[in-house]
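The values are calculated or read from the model by the stated rules, or taken from the named source; none is laboratory data. Computed from a prediction, not measured in an experiment: that's the story for all the values here. Using ideal geometry, Cβ is built from the backbone for each residue, glycine included, and neighbour counts are taken over all protein chains shown. When the accessible area is computed, the model is the full protein with side chains, heavy atoms only, and any ligands, DNA or RNA have been set aside. Shrake-Rupley method; radii C 1.70, N 1.55, O 1.52, S 1.80 Å.
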Amino acid sequence: MRSILTLAFRRCVLLSLIFTAPAFAAPPHRAGEIVVEHNTTRNEAGAVVHYEIGTLYVRENRKNADSRIIGVGFARIKAPHPTGAPPIFWLPGGPGLSVLGAFTDTDNAAKGRLRSWLAFGTTADLVIIEQRGYTRGGEMLEAMGEASPLDQPASLRAEALAMRELAKRAVAENPDKDLSGYNIAEFAADVDDLRGALGYDQISLFGGSFGSQWSLAVMHFYPRTIARAVLSGVEPLNNGYDLPSHVFAALQRIAYDADRDAALAPYLPTGGMMQAVQALRHRLAARPVRAVIHDESGRSRTIVLGLGDLQLALLSHTQEAEQWPAFILSLYHGHYESWAQEVAEAREAGKVKLIGPLADSSLGVTAAREHQLRSDPALDFLGNWNFEANIASAPDWPTPDMGDDVRMPVESSIPVVFVHGDWDTSTPVENTLGLLPYYPNGHAILVHRGGHDGTFYQLREDPIAKQAVYDFLKTGKMTGLPVAISLPAPRFAIPSFAPPAGGGKGRAPH
């Protein structure tokens, strides 16, 4: 291991070289090498905390000995005092979530993430690793996605064709890169390389969403190096594309509480939220609607919204579930303007993080899982948007098919704590329920009204459960872990307009 010089000292060295020595090329980095800079931050109490931030160098494609060397960013916060516990490797979600800015950025999300990291200090060393292809320690691979027309409703066929064109364009625009190296096996190998470079024999894993899927891949390829894991918003290796009926069930659970909210009652149809959803589907399937929006200059534009747009919109605003009923009820009562504005922005040309489709199309799903997806009873409501473009474009992306041996779960003795909310529409709770039987040393904590959130945010109402998770990471013992907890019903937002005359029981507009 070698350390980077401080910025001021580096500048002095650089100037000295410019004026006293001939120019020379820096030696190339070697696969497995790490470069580290030491720095400090402060915790909430104002105490100084030392940390390391650096870059791990790896081959872009380990199957090719001539593949170029790329950087992967990481950081380490050592426990102030030895705990005897294996270090915790914190794997971010995405794919395409860069997190190391938490040490320097000042927004609330960065502050919250850093505060969470510092809380691990009494448990073990904490190591954060970013994802190859989207990391501050290396490259951020992106391509421009094309704009979609505003005068036509969303088209699944057009979406799939656009994804295929994006794949071909990404390959053509990156002739110096081996994009086949951005697959889940290489992501897992990066974690194992960093483990070895930092001198650890065994590690624990902590990940949510794609971070949980990434963790499961590390456990699949390097099981002997994993002491234990805590996973939330779980995404099994064969569940990259969610079953529509599982997602729809989460919407039904949100609707159950919304139907009992007194403030929403004047807006609800007789059958409640799910009747509003059914009425919207019937309306948009019959014919598209047109909504006029205005930009800052006052220029007006007409947005055409169809069934495909509604299928996509049904999952809008569910990250904060208290917003979802008001959004759906606004559409039910014919107030389309805010929705149209969101759709217009979504149809603009924009940057696409390439590691997402590279990894997803490579991992894919088994044939049996694809059959379930295509025959799911909730397709009428949610459509094929979750999987069609990725499956159609998989042959165009250069990442190799991982195969069913990787995708299918196998029994594992690794102790794992799963934490999953039943209001999660990004990775449904059924993911954990289906995976748990393969982990005889596993334990699931089901969080009623929990969304697509990290472990400790899901457990925010139960400090005893939070401490039990820290204790598990420290000792491996599952004492004190609950089976289920329940968050309080949220205070639902209400639509921005007055309730219709006669309440919401009357006939909705068409």
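Taking Cα pairs under 8 Å and at least six residues apart, what relative contact order does the stretch 358-501 come out at, in percent?
Normalised by residue count, the contact order of the stretch 358-501 is 19 percent.
By the gyration tensor of its Cα atoms, with a ≥ b ≥ c the square roots of the eigenvalues, what is the shape of the stretch 171-231: rounded for a/c under 1.5, prolate for a/b over b/c, or oblate?
Prolate.
Using only helices, what value at 222 nm comes out for the chain when you add -39,500 (n - 2.57) per DSSP H run of length 4 or more and divide by the total residues, to the nearest 500 deg cm²/dmol?
-10000 deg cm²/dmol
At 0.36 nm per residue, minus the direct Cα-Cα distance, what do TYR256 and LEU433 gain on full extension? Give it in nm, one decimal, please.
Gain on stretching TYR256 to LEU433: 61.6 nm.
Could you tell me what percent of the accessible area of the stretch 15-174 is made up of carbon and sulfur, with a 1.4 Å probe and every protein chain present?
Result for the stretch 15-174: 54 percent of the exposed heavy-atom area is carbon or sulfur.
Sequence gap at least 6, Cα distance under 8 Å: using those rules, report the relative contact order of the stretch 165-287 to the nearest whole percent.
Relative contact order here is 17 percent.
Over the chain, with the other protein chains present, what is the accessible area per residue in square angstrom, probe 1.4 angstrom?
Value returned for the chain: 46 Å² of accessible area per residue.
Which GluC sites (Glu not before Pro) in the stretch 354-452 pass both tests, a DSSP loop state and at most 14 other beta-carbon atoms within 10 Å?
Within the stretch 354-452, the qualifying GluC sites (Glu not before Pro) (loop, at most 14 other Cβ atoms within 10 Å) are GLU411.
May I ask you to give the percent of accessible area on the stretch 369-510 that is carbon plus sulfur, with a probe radius of 1.4 Å?
Accessible surface attributable to carbon and sulfur in the stretch 369-510 totals 54 percent.
Under 8 Å for C-alpha pairs, at least 6 residues apart: give me the relative contact order for the chain, rounded to a whole percent.
Across the chain, relative contact order equals 18 percent.
Quick check: Cα centre of the stretch 52-101 to Cα centre of the stretch 439-504, how many Å?
If you average the Cα positions of each part, the centres end up 29 Å apart.
Student exercise: in the chain, how many lysine pairs 8 or more apart or on different chains have Cα atoms under 20 Å apart?
For the chain, qualifying lysine pairs total 11.
For the stretch 165-288, what does the alpha-carbon gyration tensor say about shape, rounded, prolate or oblate, given a ≥ b ≥ c as the root eigenvalues, a/c under 1.5 as rounded, and a/b over b/c as prolate?
Taking the square roots of the gyration eigenvalues as a ≥ b ≥ c, the stretch 165-288 is oblate.
Need the C-alpha centroid separation for the stretch 254-333 versus the stretch 335-399, integer Å.
21
Find, to one decimal place in angstroms, the Kirkwood hydrodynamic radius of the stretch 221-372, where the mean of 1/r is taken over every pair of different Cα atoms and then inverted.
Hydrodynamic radius (Kirkwood, Cα only) of the stretch 221-372 equals 18.5 Å.
In whole Å, what three semi-axes, largest first, describe the equivalent ellipsoid of the stretch 355-508 built from its Cα gyration tensor (square root of 5 times each eigenvalue)?
For the stretch 355-508, the ellipsoid semi-axes come out as 32, 30, 13 Å.
Two decimals, Cα atoms only, Kirkwood Rh: what is Rg/Rh over the stretch 365-420?
Dividing the radius of gyration by the Kirkwood radius yields 1.06.
How long are the semi-axes of the ellipsoid equivalent to the stretch 57-205, from square roots of 5 times the Cα gyration tensor eigenvalues, in whole Å, largest first?
34, 21, 12
Working from the alpha-carbon coordinates of the chain, get Rg over Rh, Rh being the Kirkwood radius.
0.99
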